[in-house]
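What follows is a short report on a single structure.
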Amino acid sequence: MMSEIRAGKKVVGAFYGHTGVFAWAPHKVIEEAKAEGYAAHMEPGISAEDCLYAHLGIDPGTYGCQNFEASQFMFYQRNIDPSAYLILSQVAIAGDKSIKRYSTGAAYRQLLIELLSEHYPLDHKVALYECPTLAIDEARIDWIPLSDFAVADVSLITTMVIPPSKKMLKNQQILDKLAELANQSQKRKIEK
């Protein structure tokens, strides 16, 4: 793309899903183009995550959502909230550090199960979701117990969606302070 830009042509790159999600090339070419003084920007696209919300009927505003790439989730100590949805992408290559594989296998997925079982019961139902790539395709939504994930059929486009396993806990201290602010605001209105 950069050689065409340098040749004076207007260049547009079209990428599957959202242009900037799990896509190194679009970010890199924009960075290079800007560094060389060319105007470059990214336009948003409809992502697999947008489709996931629609197909599974999830409103992130209800419980909240946490999104991680599966290997990154495994490599780092992440704080997760089991009262919100957890979305793990690229679960077929969970635990891969080589960036050369198309699947890591059951033993790697078992490690992911062990990590997740710190927050979710093994019988907790999770969705294996695949966004359709063609308009004539159907979305894949398979609900399985977390314990069955190691032997589940997954591909590079499989995303795991874990619904909340716990209820949200009220932050009563903040709620009390907000109520006091509301009371003060109401008093000021009355005084005017």
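The values are calculated or read from the model by the stated rules, or taken from the named source; none is laboratory data. Because the structure is predicted, anything quoted here is derived from the model rather than measured. Because the Cβ atoms are built from the backbone with ideal geometry, glycine has one as well, and the counts that use them run over all protein chains shown.
Return yes when ARG109 is surrounded by 11 or more Cβ atoms within 10 Å (Cβ to Cβ), among the charged types (D, E, K, R) and not in a loop (DSSP other than H, G, I, E, B) and no when it is not. It is true that ARG109 is surrounded by 11 or more Cβ atoms within 10 Å (Cβ to Cβ), among the charged types (D, E, K, R) and not in a loop (DSSP other than H, G, I, E, B). Within the range 122-132, the residues that satisfy the criterion of being surrounded by 11 or more Cβ atoms within 10 Å (Cβ to Cβ) and either out of contact with any helix residue (DSSP H, G or I) (no Cβ under 6 Å at 6 or more places or on another chain) or closer than 17 Å to ALA92 by Cα (or both) are LYS125, VAL126, ALA127, LEU128, TYR129, GLU130, CYS131, PRO132. Within this structure, SER89 passes the test of being touching a residue at least 40 places away in the same chain (Cβ under 8 Å), within 16 Å of ILE157 (Cα to Cα), surrounded by 13 or more Cβ atoms within 10 Å (Cβ to Cβ) and among the small types (Gly, Ala, Ser). Pairs meeting the criteria (first residue in the range 50-77 and assigned to a helix (DSSP H, G or I), second residue acidic (Asp, Glu), beta carbons under 8 Å, at least 6 apart or on different chains) are TYR53/ASP59; SER71/ASP96.
From the list LYS28, LYS10, the one residue that fits, being surrounded by fewer than 11 Cβ atoms within 10 Å (Cβ to Cβ), of a type in the set (Lys, Arg), more than 30 Å from GLU118 (Cβ to Cβ) and not assigned by TED's automatic domain parsing to the domain that holds LEU156, is LYS10.
The single residue among THR159, THR133 that is at pLDDT 95 or above, out of contact with any His (no Cβ under 8 Å at 6 or more places or on another chain), of a type in the set (Val, Ile, Thr) and within 24 Å of SER47 (Cα to Cα) turns out to be THR159.
Yes/no matrix, rows are residues, columns are (1) in the same structural domain as SER155 (by TED's automatic domain parsing); (2) within 18 Å of the chain's Cα centre (by Cα); (3) not β-branched (Val, Ile, Thr):
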| site | (1), (2), (3) |
| --- | --- |
| ASP59 | yes, yes, yes |
| GLN66 | yes, yes, yes |
| GLN77 | yes, yes, yes |
| ILE80 | yes, yes, no |
| SER83 | yes, yes, yes |
| ILE93 | yes, yes, no |
| LEU111 | yes, no, yes |
| LEU115 | yes, yes, yes |
| GLU130 | yes, yes, yes |
